[in-house]
Amino acid sequence: MSEERSETARVDRPEPISKTRRKREMHARQDLGEELVGLSDAQLSALDLPEKLLDAVLMAKRIQKFGALRRQLQYVGRLMRDVDSVAIAAQLEAWKGQSRGAIARVHVLERWRDQLIGSDNAVADLAAAYPGCDLQPLRTLVRNARREQALGMPPKSARELFQALKEIIPDE
């Protein structure tokens, strides 16, 4: 009977958060606050931060002295406790182009570019996959990229082909 009570008591009590974990989370919030200080005013307003946090970030942007800036960043980190920092971090990563969707799109564009340079039938495949695209400039870029590759020249046309593919292939 006493064993049952002690087991239920252990189950009901949540595990205490270790001091190391709390410090790690505190430093992560402070680093996120430091990234906020590096954003433009337009990006900050797009994040829809609480007024107190926004004021603290804007104040940190104006501070020049190292010690004062460090203290202000600690204050920003403290204010970040009350904010959904996961959503803010996700938005920052999306702006940096490091979101999984952005990385996947770059991989798709690179695969198409490599296929176009490597295969003669790839232009027709691209036209079938994305109807309505202008094929003549693509063929010219593919031909130039192949020539540059064969001569060992810098891949100027391959870069231009990548940019043209960005216009053709929609962002998903």
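Scanning the stretch 131-158 for residues that are under 31 Å from the mean Cα position of the chain (by Cα) and surrounded by 14 or more Cβ atoms within 10 Å (Cβ to Cβ) yields 133, 138, 141, 142, 145, 155, 157, 158.
Looking across the stretch 78-107, just one residue is charged (D, E, K, R) and not in a helix (DSSP H, G or I), and that is 84. For the stretch 119-129, state whether one or more residues are acidic (Asp, Glu) and closer than 30 Å to residue 40 by Cβ. No; the residues of the stretch 119-129 include none that is acidic (Asp, Glu) and closer than 30 Å to residue 40 by Cβ.
One line per residue, one yes/no per condition, for (1) aliphatic (A, V, I, L, M); (2) modelled with pLDDT of 90 or more; (3) in contact with a Gly (Cβ under 7 Å, 6 or more places away or on another chain):
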residue: 43; (1), (2), (3): no, no, no
residue: 46; (1), (2), (3): yes, no, no
residue: 62; (1), (2), (3): no, yes, no
residue: 95; (1), (2), (3): no, no, no
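What about residue 49, is it of a type in the set (A, V, I, L, M, F, W, C), surrounded by 15 or more Cβ atoms within 10 Å (Cβ to Cβ) and not in a helix (DSSP H, G or I)? Spelling it out, residue 49 is indeed of a type in the set (A, V, I, L, M, F, W, C), surrounded by 15 or more Cβ atoms within 10 Å (Cβ to Cβ) and not in a helix (DSSP H, G or I).
If you filter the stretch 98-130 down to residues that are of a type in the set (Val, Ile, Thr) and under 23 Å from the mean Cα position of the chain (by Cα), you find that the one that is modelled with the lowest pLDDT is 103. When the helices (runs of 4 or more DSSP H) confined to the stretch 108-172 are screened for residues that are in contact with a helix residue (DSSP H, G or I) (Cβ under 6 Å, 6 or more places away or on another chain), within 30 Å of residue 94 (Cβ to Cβ) and not aromatic (Phe, Trp, Tyr), those reaching at least 1 such residues are found at 135-151, 156-168.
The values are calculated or read from the model by the stated rules, or taken from the named source; none is laboratory data. From a predicted model like this one, the values you see are computed outputs, not experimental measurements. Ideal geometry is used to build each Cβ from the backbone, glycine not excepted, and the neighbour counts take in all protein chains shown.
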